[in-house]
Amino acid sequence: MKKASLYIDTSVLGGLFDIADAERIKKAESLIRLIKDGLYEGFISFLTLEEILKAPHEIQEKLKSAITEAGLKILEETEECIELSDVYVNDEVIPAKYRNDARHIAIGVYHEVDFIVSWNYRHMVNITVRRVINSINLRMGYKPIEIISPEEVVEYEEMEI
């Protein structure tokens, strides 16, 4: 059976170091462990790496280590990704100020990952955004995408069935 693929955005990786929220650290660590243990196939993009470079140096090194240890694969941002992210912004589903959020979504959509995982509830993980994004995806010839929180992945795996 094919493993579900997860595109992990920068907010989730940043959660590994969220000293203000111990529960967020725990959820991020659990998600990374599930990928490392082979339950899911994990992806990031060069955009994620660009955003990591804005973090303090000691955090950058820890994030790079976490990415390597988990075996996260890096997806390319193609011209088609850029065009799709432009549509998300031009159709005003993602504000231009937050273009990188649109870029993360477009990369995941273009590469047909099963889920985009984020803690960005304002511009990504919310029902209105998901509906409009998927409407655009279908209009542009792409498959719908699920945009979910780390809790949705981790808590499902922790359930006893």
Exercise. What number of residues within region 58-72 satisfy the criterion of being in contact (Cβ under 8 Å) with a residue 24 or more places away in the chain and of a type outside the set (G, A, S)?
Worked result: 6
For this session: Counting only residues that are modelled with pLDDT of 95 or more, give me the helices (runs of 4 or more DSSP H) lying completely in region 14-128 with at least 2 of them.
Result: 22-36, 46-52, 79-90, 99-110
For this session: Filter region 61-79 for residues that are out of contact with any helix residue (DSSP H, G or I) (no Cβ under 8 Å at 6 or more places or on another chain), over 15 Å from V113 (Cβ atoms) and not small (G, A, S) and give the result.
Result: E61, T68, E79
Seminar exercise, completed: Sole miss for E146 among (1) among the charged types (D, E, K, R); (2) touching a residue at least 12 places away in the same chain (Cβ under 8 Å); (3) more than 30 Å from K36 (Cβ to Cβ) is condition (3)
Problem set entry | Of the criteria (1) within 12 Å of the chain's Cα centre (by Cα); (2) touching a residue at least 40 places away in the same chain (Cβ under 8 Å); (3) more than 18 Å from P150 (Cα to Cα), which one L84 fails | (1)
Exercise. If L34 passes every condition in (1) exposed (fewer than 14 other Cβ atoms within 10 Å of the Cβ); (2) under 27 Å from N137 (Cβ atoms) but one, which one does it miss?
Worked result: (1)
Seminar exercise, completed: Checked against (1) of a type in the set (V, I, T); (2) over 15 Å from P150 (Cβ atoms); (3) buried (at least 17 other Cβ atoms within 10 Å of the Cβ); (4) modelled with pLDDT of 95 or more, I8 satisfies every condition except (2)
For this session: Please find, among I136, I82, I116, I148, the residue that is surrounded by 12 or more Cβ atoms within 10 Å (Cβ to Cβ), touching a helix residue (DSSP H, G or I) at 6+ places or on another chain (Cβ under 8 Å), within 15 Å of I8 (Cα to Cα) and not charged (D, E, K, R).
Result: I116
Problem set entry | Selection within region 130-146 - of a type outside the set (G, A, S) and part of a helix (DSSP H, G or I) | R130, R131, V132, I133, N134, I136, N137, L138, R139
For this session: Of the numbered conditions (1) touching a Ser or Thr at 6+ places or on another chain (Cβ under 8 Å); (2) buried (at least 19 other Cβ atoms within 10 Å of the Cβ); (3) closer than 24 Å to K3 by Cα, A102 fails exactly one; give the number of that condition.
Result: (3)
For this session: Scan region 45-57 and report the pairs whose first residue is within 15 Å of F17 (Cα to Cα) and whose second residue is assigned to a strand (DSSP E or B) and open to solvent by 70 Å² or more (accessible area, probe 1.4 Å), with Cβ atoms within less than 8 Å and a gap of 6+ or a chain change.
Result: none
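The values are calculated or read from the model by the stated rules, or taken from the named source; none is laboratory data. Since the structure is predicted, the reported quantities are computational estimates derived from the model, not experimental observations. Cβ atoms come from the backbone with ideal geometry, glycine included; neighbour counts cover every protein chain shown. Side chains included, ligands, DNA and RNA excluded: accessible areas come from the protein's heavy atoms. Shrake-Rupley method; radii C 1.70, N 1.55, O 1.52, S 1.80 Å.
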